[in-house]
Each structure stands twice: as C-alpha cells, then as structure tokens.
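Each remark here refers to the structure printed beneath this line.
Just so it is clear, none of the values below were taken in a lab; they were calculated from the coordinates. The structure presented is a predicted model; accordingly, all values stated were derived computationally and were not measured. No Cβ is skipped: glycine too gets one built from the backbone with ideal geometry, and neighbour counts run over all protein chains shown.
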Amino acid sequence: MSTRQVGEKVQRREDPRLLTGNGRFVDDLGRGALHAAFVRSPHAHARILDIDIGDAWELEGVEAVYTWEDLPGRVAEPLPVLIPHPALTHPRTGYCLATQEVNHVGEAVVMVVARDRYLAEDACARIRVDYEPLPPVVGIPAAREAARLVHDDVPGNVAATLLQEVGDLESAMAAAPHRLTLDLAVERSASTPLEGRGVLARWDTDDGSLRLYSSTQTSTGLRAAVAAKLGLPLAKVEVVTPDVGGGFGVKIVHPWPEEVLVPWAARVLGHDVKWTEDRREHFVSAAHERGQLQEVTVGFDDEGHLLALDVRFWHDNGAYTPYGIIVPIITATQLLGPYKPGAYRVEFWSLYTNTVLVTPYRGAGRPQGCFAMERTMDAIAARLGLDRAEVRSRNFIQPEEMPYDQGLMFQDGRPLKYDSGDFPASLAALKALVGWEDFEGYRAEAERAGRRVGLGIGCYVEGTGVGPYEGGHVHVETDGRVNVATGLTTQGQGHQTVLAQVVADELGVRLEDVHVTTGDTRAMPYAVGTFASRGAVMSGNAVALAARVVRAKALRIAADALEVSPDDLEIADGVVSVRGAPGTAVDLGTVAVLANPLRYAFDTAAQAATQFAGTFDPQRPPVAEDDEPGLEGRDFYSPTQATFANGMHAAVVETDPVTAEVRILRYCVVHDCGVMVNPMIVEGQVHGGVAQGVGGALYERMVYDEGGQLLNASFMDFLMPYASEVPHVETDHLETPSPLNPLGLKGAGEAGTIPVSAVIASAIEDAEGIPIRSMPISPPELWALRQQHAAGTVTAQEGPS
Amino acid sequence: MSGQAGSAAGAPGAEELLEVTLRVNGVSRTAGVPARRLLSDFLRHDLGLTGTHVGCEHGVCGACTVLLDGEPARACLVFAVSAQPHEVTTVEGLGSDPGALGPVQRAFLECHALQCGFCTPGFLTTVTAYLEDTPDPTEAEAREAISGNLCRCTGYQNIVSAVLRAAELRRGATPEPTP
C-alpha cells in the first residue's frame, strides 16, 4: 500500500534542479535575443515637451528606438484597468510609453532595442527628453489636501471612496461607556523579489505566432492582455512562465508596459527581444504597497467588549490604478480579524500621488488592517487596565458561531463569511508557546539587569483561496508517467511538490511518477493566477478533482480488462488490482494503452490497443459516445467564497535604553491553515512571511523627498533584512479543516507577514510604556518618541472616555 | 555575444573586444568581450553558466557570489577581464548534476533552505567557502556566516539549519535532520 503523501514533510521535487544551476529563470533564456532598455522619467510630475533621440540610432549595435508616437493601435492606448469596481469612479492607468505627461519617477518614456543591454543603456544615455516640470503630489497629507492634482481631471486626487456599515454605528457609539480615538500610520514598502521583472518574446515570422516568457504571477492573464493589445488571436499567443525568482504580489500586475512593448518589438523586428529589469528600475517602475493613514474610533464597555468601531483611512494608490482598489478593500474588511466588532463602519479614500503605483504586496492591505485593529485592542486594554490577551479573547468569534458572516463584501465581491477556525484554541496555544503568564517574572528579572523588554501580540484572519477558479489536468502516459498541469504560476511555493503529493494520493501512484507543470498556457489555458494565498486551495483541489476523474476512468477500463466490478478494484503504486487478490492486476500504464484505441503500434506495449488485439464488442464504437481517448481528465475547482485561515503571533523584544535599538528576542507563531499538504513547506512560508513582516516593522520604507524622488532606490539604502535581523521563529500549528473544499485546505502564503508590524508595535509599547502609532519604527524615531514622552509632548491621541 | 569582433570594428561607437580567458570550474573558457563586461554577465551570457544569478548589480544582495581562488566574491562587482588570474568556481562547479548533489546542496535540500531558488547559488558558494574555514560552526556562527546574502523567501531560518547540516555531511555524519 502506498504511503499517504498529503500531510508529510516531503522534500521538494524542484530543488535538485535549482541547487545545481539548472533552474531556468527568464534571463537565463534567449541567448542571442536583442535587449531592451528604457529611458525613464527623472521627474515625478512633468509634461513631455520634446524627445530628441539624437545619434542614439547610430550607435553600433542599436536596432531600434521607439517613443509613444511609434506605437500603433491598441499598443498606444492606456493600459487596462484590471479590476473595475463601482466605487472606483476615477480609474487612471499609464501608457506603455508616456505620451504627454509623466506621473512618477521611473515611468517609461523611450524604448531602445540593441544587441546587448550595455549598448542599449549607452543609447538611452544619448537620448534627451525635454520636460516641463509640474508640482508633484507626494505623501497622503498632500494628496488629501489636494492643493495640487496628480491628474487634472480627478478632483481631490480621489480615485475611489467606499463606505461599508454593519449595524447602527452612530447609536452604538453614542451608547458606549468608553470611547477612544487612535491616529495611525503605516509606511510604504514593496515586494522586492530577488529576481525583478523580465520578459522574453519569440516571434515566429513563418507561423505568425508569439511565445512569451515572463516572470509573472499570471500566465493566462498576461496571454489575454497581450493578445488584446497586439491584436492577435489568442490561438497565436502562448505564455510560458519559467522559474520565477519570487513574486510576493508585484508580478500579478499585468500587462506591465514592458510585457506589451517587448513582444510588439519582437514582431516588428522579426527577432527575439528580451528585457531584464534592473534593481533601480524595480524600485521606481514596478509597484509598492502599504502606505496608509488611519483614524480609528472605538466604543467599548467596562469589560472591554467592542460595541462600535468606526474606521476611516486614506490609502496612497500611487500614480495609477491598474489593479483597482483591491488593497484598501482588503484593509477595510480584514481589519476585523477574529473579532465581533459590534456596529462597524469603515470608509476609505484611495488617493493619487506622483509616486510608483501601489498594488498588492504579500498581505495585501491586511497588515494595515491588522495594525489598526490590534493597536485598538491594546489601547482598550491599557485604558481598562486589563490583560491584552484577555481583551482579545472577550471579543473572539467562538467556534460554535462558525460559519460567521461579518456582513461585509469581501475583495471577491462575495460575503465576508468565515468558514471555520478555533480562535480560543489558537490563543491558548500561543500563550503556552510564548509563556504569556510567566512574562512579568521575566520582565522583572531583565529590569534587575538593567534591560528593558516587552511582550507583544497580534491576531488576524486571512481570507485565502479566492476564486473564480483554477483547473487541473491529469494525464497518464503508457509508461505510467503522470503529467499534471495547472495554470497558476509558481514563485517558490513548491507547487511541483505539493500538487504531486495531492495527485499521488488521489490517483494511487508513486510521487516520483508525478510531474507537475504550472503557468504554461500550452498545458492549461484556463487559469487565474497566483495571489491571495490561493495556490494550494485552488490548484490543490483542482488537481485532486482531475485525478478523481482519471481514477474513475482507470477503474472502469481496468474492470473491463480484468472482468471484475470497478468496486472491487483499488489503485496503489500505479497498479490497479482486485482487492484481496493482488495477483489479478494491471498497471496504469497498460490502462493508458487500453484507453487509447490504436491503429498503429508505436511500441510493444501499444500492440495491446490495436484493432486485431483482444476481443471487443463489434456493436460498440472503439471510443464510446460519452468517452474520449486517453487516460486523462480535467476538472476545475470554483468555490462559492474564500476560505479563512487565521493565526496569532507574539514577540518578545528588547529595546536599548541608550541607543533605542530594537532587538527581537523571541518570535512565536500559531498558525491555522486547515489541512497542511506539506507542513515543511507551510513552515517555510511562515518563516519567510515573518521575515518580510520584520522588514516592514523595523527597517523597510520608501523614502520619497518632497519632489517625488525615491531616495533609497537600491539594496544599499532600502534595508531589506539579512539573517542578522530576522529572529528564529517558533511555530505551532492548528489544523481546522475548511468545510468548503474537498481537501479541507486554507491558504498559507501571506499569513506570516500580516500581524508582524502590529506585534512588534505592541511589544515596543509594552517595553517602553509609550504609545506606538506609526510603523515601521527606527531607532532614531523611537529615541525621538522617548524625548517627546519625557517632555510630556507625546499625544497618546486617545480621547476621553 | 562572442565572435562579433569583426563586424563591430570601425562602426561608430564600436567597442574594442578583448579575448578573455578564464578558468571556470576547472575548465579554461574563452570569449571576446568588451573591457567593461561584468564577470556575472560573462559567466551567464557569454559562457552560458546561468546558475549565477544577478539580483541587484550593486554588490549588496549576494546572489551572484562566486568563488575566486576559493574566496567568495560578488561577480557583479568584478570585470571579467580582471578575473583572468583567478580560478573561478560557480554553483555549477559545486555539482551540476541534479542526481548527484554536493554536501552543501544536499543540506539545502534536506532542510528546505530554498524556495524560489534565485538567491540560492550565492548562498551555496558562500557556505561552501565558509565551511572550508570553519568546518564545525555553532548556530550563531552559521547565522553570521550567511548575513551578507539576501533572501526574500525563506526568512533564513532553514538556511542556518542547512549550514549546520552541511557541516555534518562534510564530516561524514548522516543522521536525517528534522526540517
């Protein structure tokens, strides 16, 4: 009998390749391709008066120089608004190459194609663009004030405003015995995968077809967008996603200008063209996230029960809105976490600024929402003199209340209805893991040694696995090899392993016989993409359903061949056998032969399927009317709603009394993503998520000056944490299965990141006794807070009760 | 990109091509490139050794780390022409057969010390050189040893475990770790 694979810490199938230099990332492909480079705007806001390409053309090795005026038809039109929303009343997107105006530093203005990147950049340096600088709008206060506009035809710089309300907020607030108001801020950060964006286009002149390789999180989305832009039939465009060096959200945006221009140029030039983003380009021309200002007013009773929660926040969406208002919608809805808020009203304004556009980065609006809710919980506890964990506990949705409908509309347009979760059990596990009850003793001991320590906590709920669907295709070859395809793409999540685990179990084959392809429109043309912690939930269940189709067919064919009932058969290790009579068996490869009636035998095994082999009913066609040849099957998983994972984190920090440096001494995670297909990979996702959260809490920010220049657009100045900054993460897992899908899965990709800023703020506040209202926090900022606090000028911002 | 010396000569802005010969992974390799060709680009695009990855091109991330005479060096901060006196080792030189991993590669597999795999070659070369000097590091030392390389996926914890596991494997110990 096969060992069950789901639930095992199976080592990754993709690793031997990646460990030996045999990975294939987009820049590893296309030797001999021409290289593109871009002249990008040095201004945050300017009118383009003139472009002088000078002698760039004449430089040896330069093949083409393009401006907007060279672009035909739909290539010259604005990029699509990917996710329209009724509240997004003023969507604006950029052009592949800027035409009259630039709206952020880094916007592409001229494209050069040359024999190699060095020459292309030489040519870029010879091109002069004459700009008339316009006053830029930088930062949320300036956007909100709207003394200047980013887009002349967008009043108030407001792309969207959305209000949601559950219950009667005004009355509940008025009746609440206590009220507090908190002003909060979260800075910008960004996905910053180690591999930037990149695209390689192969135009086949003879065939009139395009093959596009891109470092993308959605191959099918990109295919449709590029076909539409270039006016090509979908049938003539294929998109292949090679190995991708991290995504974390930024690569879900599509098509990027370069993803349209590179294939367009390849077609015009009749030559392969490639573009590989450099690090500075990634900082100034990809996407950022996070930046919000928030105002929370909460009403609560003497025991700390929430009675009314009123949230207003201002979201910086950067210069354009290709990805709509997904991020602020998620903030507004996921803010509630594991709690019952009483009456809830949330309103946001999504504002344009002359900065890089804002699209989801791991967590996608949840870290900001969690920060608002968890800061509020700590403030209530402080006001009432209650234990912080106890206040949270009193507001939890209880397991017996599941499914629990929060009464809001989630990011997929469907109800925000939690499917399962046991929050009291999660909190109990976290308190045990971190030693919550023993902390005061530890603090006293540290104080005696002149050390200052604090304990922080943060809880979240994460809607994962949003639709609309993913598909799976499972195909058994005549040698028993099982090919599995799903359309979403992979950026390090180990899909080749986890999806193989699922299929091995469902079909009854050995793991090593299963081969998984992701993100290749040739293998699976129907797919959505990899985002919102949906890979395992969506494609895991899709390939499971597809494997069940194949299993049923295999049993039917084998039952025919063995002249038994399908009910008497089992499949293990790739062999179909009669239960209790293991000698009566046929392997899946032979079943695959029998599944495909042949005229021509291509090898000895195939002879069994030819027309003069065996006996059959002459009254029946070789392929039954309701059947298809081949041992293969396809199915799709399309859920009615998202599934909701949850987690709780705690951290112990030490703050240096002199330098105000913050050191994380311990970091504890309790995580519940339902059934874990591969606990090793889930843990890895949590570790990586926490590391990004730590970056966002203590180190990473986008430092724009008032002119809209990004001052820290390099890894030297943008402080992404090294091993020396990231704590060892202690983990414990609950597995509350989702009732919504066949495998009981919930997503895990973003979990680690979501509460970290809230947790670290909580811990620093606990160590320092100073309200922490803005993250990230640097040593100079904490030091300044201490000075203000000592001078009595820290406004805790909480109103009177 | 090699072999264009003839066509380039005399054109406006044409660059002089130099014949650069490097010993890479024990094999002598030659290509004609401009003086400004970075070692990282030379390895990747002229020699086709694409296992060395480029993450920042300003020497911070460490993805392009190769060994020059056994010492870690950022290939994006070295001109190919300047590397000629040195023996260059890339990730392919640590073991290019997915079916026959070297000890550090094996340890990374066992400990789930990689996710997307983009930064991984730089860690593998760095750790290989480190364990030559420090065959039996403590956990704190292992963490310090990898603190010059950026990884955006793993949170480093499993890489630290992999350094310790690699040290075990190099010493001939074989007990399976708990990932």
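Taking θ as phi - 60°, what are the ³J(HN,Hα) couplings along segment A:499-516 by the Karplus curve (6.51, -1.76, 1.60), each to the nearest whole Hz, with x for Gly and Pro?
Each residue's phi maps through the Karplus curve to give 6, 5, 4, 4, 5, 4, 5, 5, 8, x, 10, 6, 4, 5, 8, 9, 10, 10 Hz.
Enumerate the amide H contacts of residue A:237 below 5 Å, restricted to partners 5 or more residues apart or on another chain; note that Pro and chain-start residues carry no placed amide H.
A:210
List every residue whose amide H lies under 5 Å from the amide H of residue A:725, counting only residues 5 or more places away in sequence or on a different chain, with H placed 1.01 Å from N in the peptide plane.
Sorted by chain and number, the residues that satisfy this come to none at all.
Rounded to the nearest 0.05, what FRET efficiency do residue B:36 and residue A:445 have when you use their Cβ-Cβ distance and R0 = 51 Å?
Working: r = 59 Å, r/R0 = 1.16.
Step by step, r from the Cβ atoms, then E = 0.30.
How many partner chain Cβ atoms sit within 10 Å of a residue's Cβ in peptide A:680-689, on average, as a whole number?
Counting other chains' Cβ atoms within 10 Å and averaging over A:680-689 gives 5.
By DSSP, what percent of the beta bridges with both residues in the protein assembly as shown are antiparallel, rounded to the nearest 5?
80
Which value in nm describes the separation of the simple spin-label points at residue A:619 and residue A:185, placed 7 Å from the Cα toward the beta carbon?
Using points 7 Å along Cα→Cβ, the separation is 8.3 nm.
For the residues A:378, B:136, what sequence is obtained by ranking on other C-beta atoms within 10 Å, fewest first?
Numbers: A:378 23, B:136 11.
Fewest-to-most ranking of A:378, B:136: B:136, A:378.
Fully extended, how many nm does the chain gain between residue A:347 and residue A:719 (0.36 nm per residue separation, minus their Cα-Cα distance)?
Gain on extension, residue A:347 to residue A:719, equals 130.7 nm.
Using alpha-carbon pairs under 8 Å, 6+ residues apart, how would you state the relative contact order of chain A in percent?
16
Applying 1/(1 + (r/R0)^6) with R0 = 45 Å to the Cβ-Cβ distance of residue A:600 and residue A:121, what FRET efficiency is obtained, to the nearest 0.05? Spell out each step's value before the answer.
Details: r = 55 Å, r/R0 = 1.23.
Result of the calculation: an efficiency of 0.25.
Could you name the lysines in cross-link range of residue A:340, using Cα to Cα under 19 Å and dropping any fewer than eight places away on the same chain?
Straight-distance partners of residue A:340: A:417.
Compute the normalised compactness of segment A:1-152: alpha-carbon radius of gyration over 2.2 N^0.38 Å, N being the residue count.
Working: Rg = 22.3 Å, N = 152, 2.2 N^0.38 = 14.8 Å.
Cα-based Rg divided by the globular estimate yields 1.50.
Shape verdict for segment B:103-170, please, from the Cα gyration tensor: rounded (a/c under 1.5), prolate (a/b greater than b/c) or oblate. Don't skip to the answer; put the middle values down first.
On the way: a/c = 1.56, a/b = 1.35, b/c = 1.15.
Judged from the Cα gyration tensor, segment B:103-170 comes out prolate (a/c at least 1.5, a/b above b/c).
For a quick check: sort A:625, A:750 by the number of other beta carbons within 10 angstrom, fewest at the front.
Ranked by crowding around the Cβ, least crowded first: A:625, A:750.
Could you run the Karplus curve 6.51 cos²θ - 1.76 cosθ + 1.60 with θ = phi - 60° over segment A:399-409 and give me ³J(HN,Hα) per residue in whole Hz, x for Gly and Pro?
These are the phi-based 3J(HN,Hα) values: x, 6, 8, 7, x, 10, 9, 7, x, 10, 9 Hz.
Rounded to the nearest 5, what % of the DSSP beta bridges within chain B are antiparallel ones?
Among the beta bridges of chain B, antiparallel pairing accounts for roughly 90 percent.
So what are the ³J(HN,Hα) numbers for segment A:530-545, from phi and the Karplus equation (6.51, -1.76, 1.60; θ = phi - 60°), rounded to whole Hz, Gly and Pro as x?
Running phi through 6.51 cos²θ - 1.76 cosθ + 1.60 with θ = phi - 60° gives 9, 6, 6, 6, 10, x, 5, 4, 7, 6, x, 6, 5, 6, 5, 5 Hz.
Given only helices, namely DSSP H runs of n ≥ 4 each adding -39500 (n - 2.57), what is the per-residue ellipticity at 222 nm of chain A, to the nearest 500 deg cm²/dmol?
Theoretical 222 nm ellipticity from helices: -7500 deg cm²/dmol.
Is the shape of chain A best called rounded, prolate or oblate, per the rule: a/c under 1.5 gives rounded, else a/b larger than b/c gives prolate, else oblate, with a ≥ b ≥ c the square roots of the Cα gyration tensor eigenvalues?
Because a/c hits 1.5 or more and a/b fails to exceed b/c, chain A counts as oblate.
Could you compute the FRET efficiency for residue A:99 and residue A:24, with r as their C-beta to C-beta distance and R0 at 35 Å, rounded to 0.05?
The pair residue A:99/residue A:24 has a calculated efficiency of 0.45.
At residue A:77 and residue A:732, where each label point lies 7 Å from the Cα along Cα→Cβ, what is the point-to-point distance in nanometres?
5.7
At 7 Å along Cα-to-Cβ for each site, give me the label-to-label distance between residue A:611 and residue A:147 in nm.
About 8.7 nm, to one decimal.
Tally the DSSP beta bridges in segment A:658-750 and give the antiparallel ones as a percent, rounded to 5.
Approximately 25 percent, going by the DSSP bridge assignments.
Which shape class, rounded, prolate or oblate, goes with segment B:5-94 when its Cα gyration tensor gives a ≥ b ≥ c as root eigenvalues, a/c under 1.5 marks rounded, and past that a/b bigger than b/c marks prolate? Please report the intermediate quantities before stating the final value.
Details: a/c = 2.23, a/b = 1.59, b/c = 1.41.
Because a/c hits 1.5 or more and a/b exceeds b/c, segment B:5-94 counts as prolate.
Over segment A:562-707, what per residue volume does the convex hull of the Cα atoms give, in whole Å³?
On the way: hull volume 47.4 nm³, N = 146.
Dividing the Cα hull volume of segment A:562-707 by its residues yields 325 Å³.
Skipping prolines and chain starts, which residues have an amide H placed within reach, meaning under 5 Å, of the one on residue A:353, given they are 5 or more residues away or on another chain?
Under 5 Å from the amide H of residue A:353 lie the amide H atoms of A:317, A:318, A:319, each far enough along the sequence or on another chain.
Taking neighbour Cβ counts within 10 Å as the exposure measure, how do B:28, A:757 sort from fewest upward? Working shown, then result.
Working: B:28 8, A:757 32.
Starting with the residue having the fewest Cβ neighbours, the order is B:28, A:757.
Ranked from highest to lowest mean number of other Cβ atoms within 10 Å per residue, what is the order of the peptides A:467-473, A:220-226, A:573-579, A:197-203?
Most protected by this proxy first, the peptides run A:197-203, A:220-226, A:467-473, A:573-579.
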